[in-house]
Amino acid sequence: MSLFQPRRELGRTGFKASILGIGDLADRKLPLSTLVETIHRAMDAGLNLIDTAPAYEDGYSEEVVGAALKGRRSGMFVIDKIDHHDKPVAPQVEGSLRRLGLSEVDLLVFHGVSDLETWHKLSGRNGGLAQLDACVKGGKARFKGVSSHNPDVLKIAIESRWCDVVMFAVGPYVDERFTNDILPMAKRLHVGTVCFKTFGSGKLVADTSGYNEPLPPGTTISGTRLTVSECVSYTLTHDPDVTLLGLSHPHEQAEAFAAASAFRHLTPARMADIRLRAADAVRGKGECWWNPVS
């Protein structure tokens, strides 16, 4: 039996998703076969949702996902993104499908819609939302939504009833409006939630400026780190539909899978302690771009 049996519906999509999803793993320093093996290891454990985008390593992420899904597409929920909000949608979608080697994905989202002006342009007459609707009607995707680092954008996007799924940050170091306002609203309106930044781009669990990039020379840091288990348990306690994890190494996967398998809801006091230490853990490690200025 696989480690993670599908256990919950992803909003109103009807898809029963695993609590953990497969985040971006693209790394041009590693052979394609190694990255595919990493994805297969997660799929073998029962993870059945995978996320990618054209912007991740200039399309390499989509190529990796496409290679991993060959012969294994059935039962997987595939998310891809539209990166350029001011350009026609259809050619971007066609490019993504070509790199994936697929005729359709499950969900297409506008990537990083993080200011209200962009949302209003997308939702205007013949704007991006209408163009994506046409792609869905044309069989290029089954569902649609947005990813955003701005709670104000997410609020209006969810209230519009246009989004089937929204993507945003939930973790020990995120703006609490994501968890206190946006997550309950999405659940109430049956909009799916796929959440990222559990590890704060790695800043919470390692000495990095993000995504395994080294800290600038002479950086002074506190030395505080959170454990993988603390980060995973914190996010799962907030109960998004799916928690996306970019896990590039076997030991990282093993730790995260063990934490999710043994998960028990954390107490408010424990959650508060983790948040406090998370704020210390990111200090000196550069911008946390997923947190808007309040």
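Read-outs throughout are calculated quantities, based only on the coordinates presented, and are distinct from any laboratory measurement. All figures in this text were calculated on a predicted structure; none of them were measured in a lab. Every residue, glycine as well, gets a Cβ built from its backbone with ideal geometry; the counts of neighbours run over all protein chains shown.
Each listed q (0.11 Å⁻¹) maps to a log10 I(q)/I(0) for the range 1-135, found by the Debye formula over equal Cα scatterers with no solvent: -0.42.
Between ALA262 and TYR211, what is 0.36 nm times their sequence separation minus the Cα-Cα distance? Round to one decimal in nm. Kindly include the intermediate steps, with their values, before the conclusion.
Values: separation 51, 0.36 × 51 = 18.36 nm, distance 2.61 nm.
Contour length minus the Cα-Cα distance gives 15.8 nm.
Normalised Debye scattering of the range 1-61 at q = 0.13, 0.18, 0.21, 0.26 Å⁻¹ gives log10 I(q)/I(0) of -0.40, -0.70, -0.85, -1.04, counting only Cα atoms as equal scatterers and leaving out solvent.
Remark on ARG8: its backbone amide H falls under 5 Å from those of ALA17, a criterion applied only to residues 5 or more positions apart or on other chains, H modelled at 1.01 Å from N. Out of all DSSP beta bridges with both ends in the chain, state the antiparallel percent to the nearest 5. So the antiparallel bridges in the chain amount to around 10 percent. Taking a ≥ b ≥ c as the square roots of the Cα gyration tensor eigenvalues, with a/c under 1.5 meaning rounded and otherwise prolate when a/b beats b/c, else oblate, which class fits the range 74-156? Prolate.
Taken over the Cα atoms of the chain, the convex hull encloses 130 Å³ per residue.
Indicate the gyration tensor shape class of the range 213-288 (rounded, prolate or oblate), computed on the Cα atoms with a ≥ b ≥ c the square roots of the eigenvalues: a/c under 1.5 is rounded; otherwise a/b larger than b/c is prolate and the rest oblate. The partial results should precede the final answer.
Working: a/c = 2.29, a/b = 1.40, b/c = 1.63.
Here the range 213-288 falls in the oblate category.
Annotation note: trypsin sites (Lys or Arg not before Pro) in the range 139-205 located in DSSP loop regions with a Cβ neighbour count of at most 10 within 10 Å are ARG161. Once both labels are positioned 7 Å from their Cα atoms along Cα-to-Cβ, the gap between ARG188 and ALA134 label points is 3.5 nm.
For the cross-link pairs LYS29/LYS121; LYS29/LYS140; LYS144/LYS285; LYS87/LYS285; LYS70/LYS144; LYS70/LYS137, which exceed 27 Å when the distance is taken from alpha carbon to alpha carbon? Over 27 Å apart, Cα to Cα: LYS29/LYS121; LYS29/LYS140; LYS144/LYS285; LYS87/LYS285.
Using just its DSSP H runs of length 4 or more, each adding -39500 (n - 2.57), the chain gives a mean residue ellipticity at 222 nm of -10500 deg cm²/dmol after division by all residues.
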